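First up is the structure itself, then whatever we jot down about it.
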Amino acid sequence: MVGLKGEIMDVGKDAPIIELKSTSLGFDGHEVLKDFDLKLFEGDSLVLVGPSGSGKSTLLKLMAGLLKPQSGAVLYRGHDLSTLSKKLREEHLAEVGMLFQQNALFDSMTVFENLRFVIEEVEGIQQALDRKDDILETLEAVGLDHVLDHFPSEISGGMQKRLGIARALVLKPRLVFYDDPTAGLDPITSRKIVSMILELQKKWGATIVTVTNDMMRAYQLAGRCMVCFPGEFLKTGSAEDTKAFADPRVQQFIRGDVNGPLEAL
Amino acid sequence: MIAFKKVTKSFGARTILNELDLEIPQGKIVFILGMSGTGKSVLLKNIVGLLKPDSGELYVDRFPVHQMSEHEMMDVRKICGMVFQQPALFDNLNVFENVAYGLRRHFELSEEEVSRRVEESLGHVGLKGIEAKQSHELSYGMKKRVSLARTIALKPKILLFDEPTTGLDPISTSRVNQLILDLSNQLGTTSLVVSHDMESALKVADHIVVLDKGHLLTQGTPAEMQESTIPLIQDFLAEVGAP
Amino acid sequence: MIVRSLNGLGDLLMYLGTVLRSALGSWRRREEIFDKSLLVIQQSLATTVFAGFFVGAIMTLQFTLQVQMFSALSYLGALVTSATVREVGPLLIAFLLSGKIGAFTSAELGTMKVSEQIDAIRCLGSDPIREVIVPRFLGIIIASFFLLSFGLLFSFFGGLLMATTFSGLPWEQYLSQIPRVVSGFSILSGVVKCFVFSLVIATICTYRGYTVFGGAKEVGDGVVQAATQTMIALVVADWFTTFILEGLINV
């Protein structure tokens, strides 16, 4: 298990692990975020749910440091992500895991190699050789230890998703981003994937942020919900609070009602 | 009516449809449910001859699809409108030409008749007046509806939907379901919807068919499905959200 | 593996047969074919002209050193032009086209295939070979001739410029021997090669795009396969046509 080490650790436990400070971001003159603030603490589970095109994936990528805000700052344990020193950037990389919407698996590598590659990249080749047991443990946790030598194209869609999750988790990150982890999967497989995410969170205790457009998954994740609409992100609280949230748009979205303030499609 | 008789279809070593026997009743909205990879899309593609069964017989209306050539299949494709999972619009054509595409090729129509049918179809999907737009100017949802208009412009007797709500948010899902219901009623078609969304099926379908591992697992009305004790059906039902 | 390659070749030839049969009735689609040819020419003209100019220049530099050894500088123009028309020109244009248009076409068709546009065309009562493949196929072949002409023209200028500036040969002398060496047969040979090469590119690249099965990754694989197979097929075709043409001249 990777311990927290070095300067990042010094900030103290009460400081947020991620903080957005009046961040703004837009594309082609179309504003996604404006002066947006958010604090995410150690052990939190944040669920971003909302219709397509509401900017929830953009917000996730901003928190993960994959996008830069046009103004404002993204702080990781109190450090501005855009000005991290080389050493801190490496620590940040090792502490953050990400599951991409399309899995972004390496097709030319086997299941095992997909995980080993991450360790090689972040910690070096020697580390990767020494940590075979960690790789096997992670693959076992997602139930893929029987297909180590298969290529991604040889396993099912659900298994590819689990491999994506294993790859995001192999470095035992403190913070994991799941970008629509059940996209395109049937509901039964989706339920299993989210159960697994919850189980792994319990086991290794990371902070997680999940994007989904499926209310059933949001309820199942049972974290702090944020319902995202174009240009507005509503902090609606727990799953129960969200169900009872007064905003008519939230109610329309939850019920999947065609009639209401939100336009469908 | 569509009838599968012991239809088998494999890709390499993977058998997708395994001696499937299935009859789709006429004039109904029929949902075909199953987990990913159980051959639901393959089933649809066999009906319109985009794929050919390895063995078995497949009848669509009066046509023996399993023994027809690509050329002969044109008659089947005139009566079977396929709505693809992705919008599959032609990038280099505007909305009008996209919707008119099949009309021009399947039928000999006057230009006025083509215009009238295009306008009518776009009206059905709530998109009147966007004829001149290019497909890249449209949102994803609009593309999906244009592709639906393109299919119904042919006035098919049978509408085939390939996972129409997969990946859509709840509101868009309801909108698509509403469209399927309205179109099927207005046009009097048989609609065959491949999906893994039990909630939509319960709301929209007259009849539900459940496939598992290339076989027919069970079928019945939505009410019968809700009473089912089969574990897979119960798993699907567990995913139906609160009303 | 050999059996599989032969099978693959068989499929490719069957595909070519289908495309050629559909191409026969394509006169009424001439506008679209014209458009596609124009597109190919637009995309490649600048590169072809640029490369043609420099090939002429390079060939002149190379040959200057050699003919000087035999004090035959007056043959420089003839040698350079002959080599360019018969061999280097067509092959160079073919490589350029395969890199630019070949990759573009296979990626475009592959994307149409995986986004179900090709299936949609079939469902809407049309033949994708006739509608989509033939215009691109003929477009590549027609455009090649234009590009070859332009490429050769500019290689000629490139050669002439180098001859007068670097080799110190007056332009009249550079031109003087060309008619003696560059015969009608040389030109015919260049044209035949150009046709064969463009046929190879058009066939392989449309076929690889059209037969993509799967998703975005498979489109990428198809493009890479198209590129490598085209390169291999081009050098084999070059050897083969040279062999046949030289055989003809000796008969």
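The values are calculated or read from the model by the stated rules, or taken from the named source; none is laboratory data. The model shown is predicted, which means the values in this text are computed figures rather than measured ones. Cβ coordinates were reconstructed from backbone atoms using ideal geometry, including for glycine residues, and neighbour counts include every protein chain displayed. Ligands, DNA and RNA are stripped out before the accessible areas are found, and what is left, the full protein with its side chains, is counted by its heavy atoms. Shrake-Rupley method; radii C 1.70, N 1.55, O 1.52, S 1.80 Å.
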Open item on the list: Looking for something open to solvent by 80 Å² or more (accessible area, probe 1.4 Å) and at pLDDT below 85 - is there at least one such residue anywhere in the range C:38-56?
Closed with: no
Open item on the list: Give all pairs with beta carbons closer than 6 Å in which a residue from the range C:179-207 that is within 18 Å of C:I142 (Cβ to Cβ) meets a residue that is open to solvent by 50 Å² or more (accessible area, probe 1.4 Å); count only pairs at least 6 apart in sequence or on separate chains.
Closed with: C:G190/C:R86; C:I204/C:Q229
Task: Failed item, numbered, when A:S153 is tested on (1) among the polar types (S, T, N, Q); (2) in contact (Cβ under 8 Å) with a residue 40 or more places away in the chain; (3) touching a strand residue (DSSP E or B) at 6+ places or on another chain (Cβ under 7 Å) - done: (3)
Task: Hits in the range A:220-237 - residues which are modelled with pLDDT of 90 or more and over 26 Å from A:G26 (Cα atoms) - done: A:Q220, A:L221
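Residues checked against (1) away from chain B (no Cβ under 14 Å); (2) surrounded by 15 or more Cβ atoms within 10 Å (Cβ to Cβ); (3) more than 17 Å from A:L99 (Cβ to Cβ):
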| site | (1), (2), (3) |
| --- | --- |
| A:I193 | no, yes, no |
| A:G205 | yes, no, yes |
| A:G223 | yes, yes, no |
| A:V250 | no, yes, yes |
| A:F253 | no, yes, yes |
| A:G256 | no, yes, yes |
| A:N259 | no, no, yes |
- [ ] Take the range B:183-241 and flag every residue that is within 20 Å of B:G27 (Cβ to Cβ), free of Cβ contacts under 8 Å to residues at least 24 places away in the same chain and of a type outside the set (S, T, N, Q).
- [x] B:G220, B:P222, B:A223, B:E224
- [ ] Can you work out which of the residues in the range B:207-237 that are within 14 Å of another protein chain (Cβ to nearest Cβ) and open to solvent by less than 60 Å² (accessible area, probe 1.4 Å) is farthest from B:S36 (Cα to Cα)?
- [x] B:I230
Open item on the list: Step by step: first the residues of the range B:39-85, then only those that are over 27 Å from B:S121 (Cβ atoms) and assigned to a helix (DSSP H, G or I), then the one that is nearest to the other protein chains (Cβ to nearest Cβ). Which residue is that?
Closed with: B:V42
Task: Counted residues, the range A:138-173 - those being away from chain B (no Cβ under 14 Å), among the charged types (D, E, K, R) and surrounded by 23 or more Cβ atoms within 10 Å (Cβ to Cβ) - done: 1
TODO: Scan the range B:86-98 for residues that are within 11 Å of chain C (Cβ to nearest Cβ) and β-branched (V, I, T) and jot them down.
DONE: none
TODO: For B:R104, work out the one condition from (1) of a type outside the set (S, T, N, Q); (2) open to solvent by 20 Å² or more (accessible area, probe 1.4 Å); (3) under 19 Å from the mean Cα position of the chain (by Cα) it doesn't fulfil.
DONE: (3)
TODO: Quick one: C:V196 ticks every box in (1) more than 12 Å from the chain's Cα centre (by Cα); (2) of a type in the set (V, I, T); (3) open to solvent by less than 50 Å² (accessible area, probe 1.4 Å) except a single one, so which number is it?
DONE: (1)
TODO: Write out, first by first residue and then by second, each pair whose Cβ atoms fall under 9 Å of each other, whose residues are 6+ apart or on separate chains, and whose first residue, in the range B:62-84, is in contact (Cβ under 8 Å) with a residue 40 or more places away in the chain while the second is assigned to a strand (DSSP E or B) and open to solvent by 40 Å² or more (accessible area, probe 1.4 Å).
DONE: B:H66/B:K5; B:H66/B:S55; B:H66/B:E57; B:H66/B:Y59
Open item on the list: Given the criterion closer than 15 Å to C:R86 by Cα, surrounded by 17 or more Cβ atoms within 10 Å (Cβ to Cβ) and over 12 Å from the mean Cα position of the chain (by Cα), identify the matching residue among C:L160, C:L152.
Closed with: C:L152
TODO: Filter the range B:123-144 for residues that are more than 14 Å from chain A (Cβ to nearest Cβ), farther than 24 Å from B:T166 by Cβ and either open to solvent by less than 50 Å² (accessible area, probe 1.4 Å) or touching a Pro at 6+ places or on another chain (Cβ under 7 Å) (or both) and give the result.
DONE: B:G123, B:E131
Task: Within the range C:213-235, tally of residues that are part of a loop (DSSP other than H, G, I, E, B) and open to solvent by less than 70 Å² (accessible area, probe 1.4 Å) - done: 2
- [ ] Please state which one of B:S184, B:S147 is closer than 30 Å to A:T189 by Cβ, within 14 Å of chain A (Cβ to nearest Cβ) and hydroxyl-bearing (S, T, Y).
- [x] B:S147
Open item on the list: Which residue is nearest to A:P51 (Cα to Cα), if the candidates are limited to the range B:160-171 and must be at the interface with chain A (Cβ under 7 Å from one of its Cβ atoms) and buried (at least 23 other Cβ atoms within 10 Å of the Cβ)?
Closed with: B:D169
